[in-house]
Amino acid sequence: MSIRRRGTAAGAALALSGAGVLLGLAAAPAQAAEVAFATHCVPPAGISPVDGTTKVEITAPATAKVGDTVNVVWKFVQAASKNPDIIDLPANSVQPSGVLKAAGAQVADIAMQGPRQNPAIPKGGDMVLSDMKGSIKLTTAGEVTLTPDAYTVNAMSTDTKCTPKETVQKAATVQVTGGGGGTPTTTPTQTPTTTPTQSSTPTGSATPTATSSGGSGGQTDFTGKEVQIPYACRTPIGDKNATSPVQINARKNGGDFGVTVQFKKSVMNSPADIPANSVKPSMEVVLGGADKGTVHVEGPTNAKPIKSGDPIEIPDLTGTYKPGASGSSTLSPGVLTVKALGTTTTCTPTKTAVSLTLDTSGQPGGSSGGTSTSGGTTGGSGTGGSSSGSGGLAQTGASDHGALEALGLVSGTAILLGAAVFTFMPRRPTR
């Protein structure tokens, strides 16, 4: 029994000693230092810039050798700005990224990035940002200093850019030993948890492409071609750009055509609760070729509330095209208007392309030289029938909500509805 007890005690002592050694090894190379600096932050359009103080803690090895790749951690003790008094930010909707400056024996910009990981942040609450990580390969012996620089806070796909207003003090120093050289390399160790499904850079083709013909042979259904349309949107929170894949289809009914406009690959998640019957999209389809004017199409409002985190789909837009001329007439995506929660967003194509070509026979009261209507609703102002036209709707703003401030979701196609869907009135309850 005594031998067993002595063995147990010796084992415990050895384990404690070993733990002490391990702790010593783990703690020795790491250092953490906190710095604070005045910061100027520029939020998305529609929200005033903010001046505040950023407090950052940088953790890095105290010593390393030439050729080592060392990991660095940037911890936000305090962000420079709070969540604006506009909307509650859902959990895991905020992602920070930034630059850590290496200087001294080796000069480099270290790309830092954190995961999209945060608790729910209420309106006016402190911004809680995840730790950012990055790495640098050491190439030169000597003292390498690490200093925080500019950073960006991405909240639901909108960026707030923060830059130092003063010279920032170094936050950590790495003593690099050994000889050698080479080219410094920096790599972020985190990747974004979500990525936009569409690029916001306009790349749409302006070359008309006739893909379907109608009006003869007894055919009634006509499928158009999917075309990439770059949009310039005027929203209550500023001007935005996005490119969207759009397709126009038609069904012949006597001398008229039922027109359906579809937005492709445009599903994404809602960052906040959206009430039922609060979003209404419409478009002016541009006529060209033999016919002139526009055709008004519109989609239904959202029948059910959309919960935060649930997918949002852009509905099909439908209307009736009554030809005003006989011949080959083209249909191209035109001005898109989205009304949501008392605001209006207008998106105008910077270029357009023919999605559908129809053989038409002019009908009394048709659209040639003017506009078409759907359900008694007058179409846009009609800029003529060129297939490169972009419609002529003027911007309509939320004049009765001049004090509106909002965060917008700008992520490829989603801007077309998102710019309006994700615009909220902070001091007016939604019915």
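The values are calculated or read from the model by the stated rules, or taken from the named source; none is laboratory data. As the structure is a computational prediction, the values presented were derived from the model and not from experiment. Don't worry about glycine lacking a Cβ; one is built from the backbone with ideal geometry, like all the others, and counts go over all protein chains shown. The protein model used for the area step is the full one, side chains on, heavy atoms only, and it has no ligands, DNA or RNA in it. Shrake-Rupley method; radii C 1.70, N 1.55, O 1.52, S 1.80 Å.
Here are a few things to note about the model shown:
- Cross-link table Lys137/Lys240; Lys65/Lys170; Lys133/Lys280; Lys123/Lys351; Lys304/Lys351, entries beyond 32 Å C-alpha to C-alpha: Lys137/Lys240; Lys133/Lys280; Lys123/Lys351; Lys304/Lys351
- Amide hydrogen neighbours beyond the local backbone of Thr63, cut-off 5 Å, H modeled: Gln175
- Cβ-defined net charge surrounding Asn249, 11 Å radius [Lys, Arg +1; Asp, Glu -1]: -1
- Contour excess over end-to-end distance, with Cα ends at Lys165 and Lys55 and 0.36 nm allotted per residue: 38.3 nm
- Modelled FRET efficiency - R0 25 Å, Thr69 with Glu34, Cβ distances, 0.05 increments: 0.50
- Carbon plus sulfur fraction of accessible area for the stretch 50-189, probe 1.4 Å, in percent: 49 percent
- Modelled spin-label separation between Arg251 and Asp239, with each label point placed 7 Å from Cα along the Cα-to-Cβ direction: 4.0 nm.
- Segments 50-56, 72-78, 329-335, 128-134 sorted - mean Cβ within 10 Å per residue, highest first: 329-335, 128-134, 72-78, 50-56
- Ordering of 144-151, 289-296 by burial proxy (mean other Cβ atoms within 10 Å per residue, highest first): 289-296, 144-151
- Karplus-derived 3J(HN,Hα), 6.51/-1.76/1.60, for each residue of the stretch 135-146, Hz, glycine and proline x: 8, 9, 8, 7, 10, 9, 6, x, 8, 10, 9, 10
- Averaged per residue, the stretch 56-112 has 38 square angstrom of accessible surface, using a 1.4 angstrom probe with ligands and nucleic acids left out.
- Asn92 long-range amide H proximity, modeled H, under 5 Å: Asn118
- Ordering of 361-367, 93-99 by packing [mean C-beta count within 10 Å, highest first]: 93-99, 361-367
- Within the stretch 274-323: Cβ-based charge dipole about Cα centre, in debye rounded to nearest 20 (Lys, Arg +1; Asp, Glu -1): 120 debye
- The residues packed around Asp221, meaning those with a beta-carbon under 13 Å from its beta-carbon, carry a net charge of +2 if Lys and Arg are +1 and Asp and Glu are -1.
- For Ser326, the residues whose modelled amide H falls within less than 5 Å of its own, excluding neighbours fewer than 5 places apart on the same chain, are Gly362.
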